[in-house]
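These notes are about the structure you will find just below.
The values are calculated or read from the model by the stated rules, or taken from the named source; none is laboratory data. In this text the structure is predicted, and so the values were computed from the model without any measurement. Glycine gets a Cβ as well: all are built from the backbone with ideal geometry, and neighbour counts include every protein chain shown. We work out accessible area using only protein heavy atoms, side chains counted, and drop any ligands, DNA or RNA first. Shrake-Rupley method; radii C 1.70, N 1.55, O 1.52, S 1.80 Å.
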Amino acid sequence: MNQLQPISTVAKSLGVSSRTLRYYEQIGLINSNRMENYTYRAYDEETIRRLRQIIILRKLRVPVKQIHEIFSNSDAVCVIDIFERNISELDEQITALATVKSILSRLVHELYEKANMRLQLDFLGDSSVFAVVDSVSFPRNIIHEEKSISELNQASEKLNKLTDKDVRVIYLPPSEVAAYQFEGEEPEQHVGQAITKFVLDNNLPQLKPDLRHYGFNAPNPLESDPTGAHGYEMWVTIPDGFTVPAPFTKKYFCGGLYAAHMIPAGAFEEWGWLMKWVLSNAKYEFNGDWNNPNQWGCLEETLNYTNRIKSAQSDGLQLDLLVPIKERK
């Protein structure tokens, strides 16, 4: 049998989170093993090789759903079709960007010619230019041709940045919540199942139509722990005066200002992107607590939670990543 490596070691060596690895296993992209006298996940050489392939495909902007299709299908024609669809989308983005670049270059040229004249942007009123710009679909990222893994990593680092248009600044209202926490194997799933049962048993979607659902690490995984063990806590907002039975607890969430960025389930690497946006922002600064073991005060909110739980919807999960912020003085 190949030598097994614990989840935290693999996560650190590949530059991904333990949670991302657990998610890949949950959707069937990889499998884990258990070492003797060791209850947490470990991975053999074949699985680590598969993980490297997944990470490269993600850096090539291939969605997780398509990666699942690639590994589930041995037909080369099917895989070629997936890649060609992505190439076609990139071609459209490149064409749109080339159009934007051309218009900006023309604008710069005209401004140079009129540098000593009163500035008039008559050029932007040109009907032909307006028609072109109006039809452009502005992409979020730019893809360049890559020649090596090193260059791919460099390109990925440049692309994995959020701009102001990718982040919303929102206010979360104060509220009473029912909370449940668990520390151990599969904490997100364990807590999620308990919270779902609590919500349905108490008919909360009808009692509170504006029901909201939050979650966070409680506590964060420790880098020094090779098991990657951690806990998770979830909250659901409750009506005023609602009685919360054990083992759930009633808490008060004070709300506040947050930087929000939406991700599809599994794109947890974008936590790092959002935090970089916050820490480098000129108007806002981080308002969490680096000593808080519960994800430093950051939250994850399940979007469209009421409809999802009513219909028992299992796919298409979207999360808002939420970082507490305040305006700089």
Those residues that are at pLDDT 90 or above and either open to solvent by 60 Å² or more (accessible area, probe 1.4 Å) or at positive phi (or both), I need them from segment 129-168; list them, please.
-> Thr163, Asp164, Lys165, Arg168
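Restricting to segment 97-106, name every residue that is charged (D, E, K, R) and surrounded by 12 or more Cβ atoms within 10 Å (Cβ to Cβ).
Residue satisfying the conditions is Arg106 alone.
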Does segment 44-96 hold any residues that are modelled with pLDDT of 90 or more, open to solvent by less than 40 Å² (accessible area, probe 1.4 Å) and over 24 Å from Ile263 (Cβ atoms), and which are they?
-> Asp44, Thr47, Ile48
Go through (1) buried (at least 17 other Cβ atoms within 10 Å of the Cβ); (2) more than 23 Å from Gln313 (Cα to Cα); (3) in contact with a Leu (Cβ under 8 Å, 6 or more places away or on another chain) one by one and return the number of the condition Tyr171 breaks.
-> (1)
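Residue by residue, here is whether (1) without any contact (Cβ under 8 Å) to a residue 40 or more places away in the chain; (2) assigned to a strand (DSSP E or B); (3) open to solvent by less than 80 Å² (accessible area, probe 1.4 Å); (4) in contact with a strand residue (DSSP E or B) (Cβ under 9 Å, 6 or more places away or on another chain) holds:
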position	(1), (2), (3), (4)
Leu274	no, no, yes, yes
Ala282	no, no, no, no
Trp290	yes, no, no, no
Pro293	no, no, yes, yes
Arg308	yes, no, yes, yes
Asp315	yes, no, no, no
Leu322	no, yes, yes, yes
Single condition Gln26 does not satisfy, out of (1) open to solvent by 90 Å² or more (accessible area, probe 1.4 Å); (2) more than 22 Å from Ile263 (Cα to Cα); (3) not aromatic (Phe, Trp, Tyr) = (2)
So which of Leu200, Leu211, Leu207 ends up being touching a helix residue (DSSP H, G or I) at 6+ places or on another chain (Cβ under 8 Å), among the aliphatic types (A, V, I, L, M) and more than 29 Å from Val278 (Cα to Cα)?
-> Leu200
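Looking at Leu57, is it closer than 20 Å to Leu152 by Cβ, touching a residue at least 40 places away in the same chain (Cβ under 8 Å) and either of a type in the set (Lys, Arg) or part of a helix (DSSP H, G or I) (or both)?
no
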Residue check for Trp235: buried (at least 16 other Cβ atoms within 10 Å of the Cβ), out of contact with any His (no Cβ under 6 Å at 6 or more places or on another chain) and in a helix (DSSP H, G or I) = no
Which one of these does Pro245 not meet: (1) more than 19 Å from the chain's Cα centre (by Cα); (2) more than 30 Å from Lys158 (Cβ to Cβ); (3) in contact (Cβ under 8 Å) with a residue 24 or more places away in the chain; (4) open to solvent by less than 70 Å² (accessible area, probe 1.4 Å)?
-> (3)
With respect to the numbered conditions (1) part of a loop (DSSP other than H, G, I, E, B); (2) farther than 30 Å from Glu25 by Cβ; (3) open to solvent by 60 Å² or more (accessible area, probe 1.4 Å), which one is the sole condition not fulfilled by Lys250?
-> (1)
Limited to segment 191-225, what total is found for residues that are in a helix (DSSP H, G or I) and without any contact (Cβ under 8 Å) to a residue 12 or more places away in the chain?
-> 4
Quick one: Ala179 ticks every box in (1) in a helix (DSSP H, G or I); (2) touching a Lys or Arg at 6+ places or on another chain (Cβ under 6 Å) bar one, so which box is it?
-> (1)
Among (1) part of a helix (DSSP H, G or I); (2) modelled with pLDDT of 90 or more; (3) open to solvent by 20 Å² or more (accessible area, probe 1.4 Å), Asn31 falls short only on (1)
State yes or no: is Asn307 modelled with pLDDT under 95 and closer than 23 Å to Gln181 by Cα?
-> no
